[in-house]
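Presented below is the structure to which this report refers.
Please treat every number below as a calculation from the coordinates, not as lab data. Treat the numbers as computed from the prediction; the structure is a model and nothing was measured. Because the Cβ atoms are built from the backbone with ideal geometry, glycine has one as well, and the counts that use them run over all protein chains shown.
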Amino acid sequence: MRDASNVARDRLLRIEQEAKAQAEAAAVNAGVAETVALSRARGEAIAEFRPRRNRTCVQPYRRQSGLDWLAGKGRIDAAARAAGERYGQAYRRVKLEASIPSTLGERVRGAFVAPALSEVLAHGEGTEAARRRLDAFRRRLCRQPDLVAACDLICGEEKTPREAAGGDRDAARLEAVLKVALDILAGDAR
């Protein structure tokens with residue numbers, strides 16, 4: 001009789017643990033669904049991955065960049081996307097130029113380890129090269145503010161047109177301006 005009560009108790013504990021795990025998974029799924037819905041309402045493009053035939057696990061969501069979203073919808077071609085990616089890489093590298101920390105004291109998490117001079121110089125040279133590439137891209141756009149702003153927001157900041165413009169009507173205008181800019185940038189590559 002003792003063994004039967006232990007088996008029953010173990011079974012009840014296992015059922016209780018499974019119920020808790022299912023409740024926690026449901027709460028996590030509800031939280032993820034809410035976050036995705038709010039992100040989509042703000043205009044972000046979220047790619048939803050469906051489980052494969054033989055798998056029961058759900059793949060995670062992935063935020064799409066503006067260029068990914070436009071290319072996925074067939075609104076820009078491969079040459080325009082490649083030009084936008086080159087612009088975005090230069091933009092983000094220039095924007096991160098202040099990422100080398102400078103301090104004489106110790107950090108909270110331990111002593112400051114100074115980067116090697118060669119690393120600092122290589123970082124600076126790479127940033128300067130990116131600055132020159134970005135300046136060349138902007139010269140090709142004749143430094144026209146709308147074209148540059150469209151490239152900065154969608155290629156550099158990786159926002160979707162709706163997210164960058166704040167609404168559907170302005171998103172269509174921004175997308176049209178971006179297409180012109182990407183055609184200009186991709187013109188040399190074609």
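Figure the gain on full extension for ALA129 and ALA47 (residue separation times 0.36 nm, minus the Cα-Cα span) and round it to one decimal in nm.
26.2 nm
Can you compute the modelled spin-label distance between ASN29 and SER118, with each label point 7 Å from Cα toward Cβ, in nm?
For ASN29 paired with SER118, the spin-label model returns 5.3 nm.
At 0.36 nm per residue, and after removing the present C-alpha to C-alpha distance, how many nm does the segment from ARG92 to ASP77 gain when stretched out fully?
Extra length available between ARG92 and ASP77 comes to 3.2 nm.
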